[in-house]
Amino acid sequence: MTDNSSPTAASRRSFLRTAAFAGAGLATGAAQAQTPKPDPAITEVPDWTRYLGPGVQNAPYGSPSKFEKHIIRQDVEWLTASRESSVNFTPLHALDGVITPSGLCFERHHSGVAEVDPAKHRLMIHGLVDKPLVFTMEDLKRFPGRINHAYFLECAANSGMEWRGAQLNGCQFTHGMIHNVWYHGLPLKTLLDEAGVKPKGKWLLAEGADSAAMTRSIPMEKALKDCMVAWGMNGEALRPEQGYPLRLVVPGWEGNMWVKWLRRLEVGDEPWEQREETSKYTDLLADGRARRFTWIMDAKSVVTSPSPQAPLVQKGPNVITGIAWSGRGRMQRIDVTIDGGKNWTTARLDGPNMPLSMVRFYLDFDWDGREMLIQSRAMDETGYVQPTKEELRKVRGVNSIYHNNGIQTWLVRSNGETENVEIS
């Protein structure tokens, strides 16, 4: 369906004509009454054109401009009992494109960041295999078949505070437990084939080298399909908080399974029933039963601008933009509404649209100052459509904190300020 208040080609042409005439007026002096007041940014010579800047020797590793110092990861202190088991949220509202800068990727730990010496680190493969193996980092990097893939990593608890209603005011906090980066490494299948998985080997236990000895059971079918052992992200080594020097990549599945500081892979014939797949990372239903092994992250989207941390500042031509992703494959379509779901317009997808990776969407519109209820709705290539929060609650109740992929609503007020709200 088409949003009746969506921009038309005519309105865009009108905007362009107005801009063109204004430019012509400035060039010829024809529109004296509309001549703008002198702007110091144009009429005065700024300092940065007067003096030499610092040389390359002063910055052996690049960093953002000081004028971008407000674009940072942030945590919520009351969310967890300690910093060692806390979360830093990606500033989604301030980013564009689909690749998350390494220094802004969200982080979640269970026992803090492990400081691992790559020269001493080892990866062991054992259990139901023909040939137990131990790899150094140098061994892994010499293996043929190296690959590069862009995948999203989303914590199962992303948007978890929203199950019982709108809580956190900003998409950095409602949706920021996610990032999307290029991973560099080897297919897990390459290493398992080298070890030789026995016919009874149906499950894989991945264990990390942190003090929590983080462990998860993974079906062998998934391990052999598309999992990676990665030592790099975005063209460089993994960051310490992202598992340096080695991590598991489990595309499309909850982030808890992407074991960091990976040191051990054990092949077995059944799941290990570890803490993180029994008492944690299960979905408690209204009747007291719990959904287990709910690994896949379903189709989800969020408008990142306008949003509470990125309000509208001017009437007239504006852009709605956001991100979408699905653990089931490539994104097919993103629809956007500005009236709380009465009318929907299909947004424009731009940039790479890869399976199990984020995609960026845009919708140009003219804002006349009226209040808006902005939402986005994702559909992936399997036909799965992102549900409303109310639809989710009818099936799942409100006892869970995991796998909340409900449609997010932002209320944009007449002054441009934006709030996290819900509508029935």
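Brief remarks on what is shown
- Rounded to the nearest 500, the helix-only mean residue ellipticity at 222 nm of the chain stands at -3500 deg cm²/dmol, with each DSSP H run of n ≥ 4 adding -39,500 (n - 2.57).
- The ratio of the alpha-carbon radius of gyration of region 318-377 to the globular-protein estimate 2.2 N^0.38 Å is 1.19.
- With a Förster radius of 60 Å applied to the beta-carbon distance between S111 and R370, the computed FRET efficiency rounds to 0.75.
- Evaluating kT/(6 pi eta Rh) at 37 °C and 0.692 mPa s, with the Kirkwood radius of region 60-139 over Cα pairs in the Stokes-Einstein relation, gives 200 µm² s⁻¹.
- Ignoring aspartates and glutamates fewer than eight residues from K120 along the same chain, the ones with Cα atoms less than 15 angstrom from its Cα are E138, D139, D210.
- Solvent-accessible area of K200, all protein chains in place: 150 Å² (probe radius 1.4 Å, heavy atoms, ligands and nucleic acids excluded).
- Across the chain, the relative contact order, built from alpha-carbon pairs under 8 Å that are at least six residues apart, equals 16 percent.
- Sorting the Cα pairs of the chain by distance into bins of 10 Å, from 0 upward, gives 4, 19, 27, 23, 15, 8, 3, 1, 0 percent per bin.
- Charge dipole of the chain (Cα centre as origin; +1 on each Lys and Arg Cβ, -1 on each Asp and Glu Cβ, all else neutral): 480 debye, rounded to the nearest 20.
- Whole-Hz Karplus values for region 265-282 come out as 10, 10, 8, x, 9, 7, x, 8, 6, 6, 4, 6, 10, 10, 6, 10, 6, 10 Hz, taken residue by residue from phi with 6.51 cos²θ - 1.76 cosθ + 1.60 and θ = phi - 60°; glycine and proline positions read x.
- Amide H contacts of R360 (H built 1.01 Å from N, under 5 Å, at least 5 apart or other chain): D350
- Taking amide H as placed 1.01 Å from N in the peptide plane, the amide H of G232 sits under 5 Å from that of H184, L238, each at least 5 places away or on another chain.
- The length gained by stretching the chain between S63 and A119 to full extension, at 0.36 nm per residue less their Cα-Cα distance, is 17.4 nm.
- Cα-based radius of gyration for region 359-424, normalised by 2.2 N^0.38 Å, reads 1.34.
- Taking amide hydrogens as placed 1.01 Å from N in the peptide plane, the amide H of R264 sits under 5 Å from those of M124, E207, each at least 5 positions away in sequence or on another chain.
- Total charge dipole magnitude, region 92-172, about the Cα centre, Cβ charges on Lys, Arg, Asp, Glu only, Debye to nearest 20: 240
- Computed P(r) (all Cα pairs; region 248-367; 10 Å bins; percent): 11, 30, 26, 21, 10, 2, 0
- Ordered from longest to shortest, the equivalent ellipsoid semi-axes for region 299-424 are 24, 19, 11 Å, each the square root of 5 times a Cα gyration tensor eigenvalue.
- Table column - 3J(HN,Hα) (Hz), region 108-122, Karplus curve with 6.51, -1.76, 1.60, x for Gly and Pro: 9, 10, 10, 7, x, 8, 6, 9, 10, 7, x, 5, 9, 6, 9
- Each of L168, I178, W203 was placed along the dipole of region 98-255 (beta-carbon charges, centred on the mean Cα), and the one lying farthest toward the positive end is W203.
- Residues of region 236-389: accessible area per residue with a 1.4 Å probe, Å²: 38
- Straight-line cross-link partners of K342 among the lysines, defined as a Cα under 18 Å from its Cα and at least 8 positions apart when in the same chain: K389.
- For region 397-407, backbone phi angles converted through the Karplus equation (6.51, -1.76, 1.60; θ = phi - 60°) give residue-by-residue couplings of x, 10, 7, 8, 10, 10, 6, 8, 10, x, 5 Hz, Gly and Pro being listed as x.
- Within a straight-line Cα-Cα reach of under 26 Å, K222 can be paired with the following lysines, leaving aside sequence neighbours fewer than 8 residues apart in one chain: K131, K141, K189, K198, K200, K202, K260, K280, K300.
- Note on region 90-222: Rg/Rh from Cα positions, Kirkwood definition for Rh, rounded to two decimals, is 1.02.
- Among residues other than C105 with Cβ under 11 Å from its Cβ, the summed charge is +1 (Lys and Arg +1, Asp and Glu -1).
- Full extension of the segment from V313 to H70, taken as 0.36 nm per residue of separation minus the current Cα-Cα distance, would add 85.7 nm.
- Accessible carbon and sulfur surface of the chain relative to its total accessible area, %, 1.4 Å: 53
- Note on the chain: GNM, Cα springs under 10 Å; of S307, S63, S159, the largest mean-square fluctuation is that of S63.
- For region 180-331, the fraction of alpha-carbon pairs lying more than 18 Å apart is 65 percent, rounded to a whole number.
- Residue-count net charge about Q332 - beta-carbon cut-off 14 Å; Lys, Arg +1, Asp, Glu -1: +2
The values are calculated or read from the model by the stated rules, or taken from the named source; none is laboratory data. This one's a predicted model, so the numbers in the text were calculated from it and none came from an experiment. Positions of Cβ are backbone-derived with ideal geometry, glycine not excepted, and every protein chain shown enters the neighbour counts. The protein model used for the area step is the full one, side chains on, heavy atoms only, and it has no ligands, DNA or RNA in it. Shrake-Rupley method; radii C 1.70, N 1.55, O 1.52, S 1.80 Å.
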